[in-house]
Amino acid sequence: MTVTARLEELGIELPEVAAPVASYVPAVLHGGLVYTSGQLPFASGALPATGKVGAEVTAEDANAHARTCALNALAAAAAAAGGVEKIGGVLRVGGFVASAPSFTGQPGVINGASEVLGEIFRDAGRHARAAVGVAVLPLDSPVEVEVTFVLA
């Protein structure tokens, strides 16, 4: 099954590539891989929430935001590679969670990204990962995700 067909089957429409908020490009190809810059959970050009997970943002909502970040990363990778069919799978996910001091559920938040990539790419979506709590993220986003994809 093609990636496009799988996205259709799952009812997922990839978003437009988010414009960079600083001096970088959304994704870069190198040696058979596509490295994405950190993606925020932009939806229709806006952040759906701001603040710390475990304070202003619930872990459940942050999980959904991580999913959005992963889809934004896939859109950026597909644009850089020349189409979503050029993406063969996922190598690594790096997840950053702006966390309240007592919040320790970063892995559960970043599961939102990992799970959607697994749904899309199935076995080729299995990946190495980091889920890190941080004090603050750009634009006060609760979550940021970067992905390294393998070219098909």
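The table below gives the values:
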read-out	value
Filter result for residue 88 (at positive phi and either at pLDDT 95 or above or surrounded by 15 or more Cβ atoms within 10 Å (Cβ to Cβ) (or both))	no
Failed criterion for residue 62 (all others in (1) within 26 Å of residue 1 (Cα to Cα); (2) open to solvent by less than 10 Å² (accessible area, probe 1.4 Å); (3) touching a helix residue (DSSP H, G or I) at 6+ places or on another chain (Cβ under 9 Å); (4) small (Gly, Ala, Ser) hold)	(1)
Some residue of region 102-115 being open to solvent by less than 10 Å² (accessible area, probe 1.4 Å) and over 13 Å from the mean Cα position of the chain (by Cα)	no
Members of region 45-59 that are open to solvent by 60 Å² or more (accessible area, probe 1.4 Å) and touching a Ser or Thr at 6+ places or on another chain (Cβ under 9 Å)	48, 50, 55, 56
Close pairs from region 70-98: first within 16 Å of residue 42 (Cα to Cα), partner open to solvent by 10 Å² or more (accessible area, probe 1.4 Å) and in a helix (DSSP H, G or I), Cβ under 6 Å, at least 6 apart	97/106
Residue within region 32-44 that is at pLDDT below 95 and open to solvent by 70 Å² or more (accessible area, probe 1.4 Å) present	yes
Residue 28 part of a strand (DSSP E or B), of a type in the set (A, V, I, L, M, F, W, C), within 26 Å of residue 86 (Cβ to Cβ) and open to solvent by less than 10 Å² (accessible area, probe 1.4 Å)	no
Close pairs from region 120-149: first farther than 18 Å from residue 80 by Cβ, partner small (Gly, Ala, Ser) and exposed (fewer than 13 other Cβ atoms within 10 Å of the Cβ), Cβ under 8 Å, at least 6 apart	138/22
Residues satisfying the stated conditions in region 102-113, i.e. touching a residue at least 40 places away in the same chain (Cβ under 8 Å) and out of contact with any strand residue (DSSP E or B) (no Cβ under 6 Å at 6 or more places or on another chain)	102, 105, 108, 111, 112
Tally of residues being in a loop (DSSP other than H, G, I, E, B) and either open to solvent by less than 40 Å² (accessible area, probe 1.4 Å) or in contact with a Leu (Cβ under 9 Å, 6 or more places away or on another chain) (or both) across region 1-25	6
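The values are calculated or read from the model by the stated rules, or taken from the named source; none is laboratory data. Computed from a prediction, not measured in an experiment: that's the story for all the values here. Every residue, glycine as well, gets a Cβ built from its backbone with ideal geometry; the counts of neighbours run over all protein chains shown. Accessible surface is based on the protein model in full, side chains and every heavy atom, while ligands, DNA and RNA are left aside. Shrake-Rupley method; radii C 1.70, N 1.55, O 1.52, S 1.80 Å.
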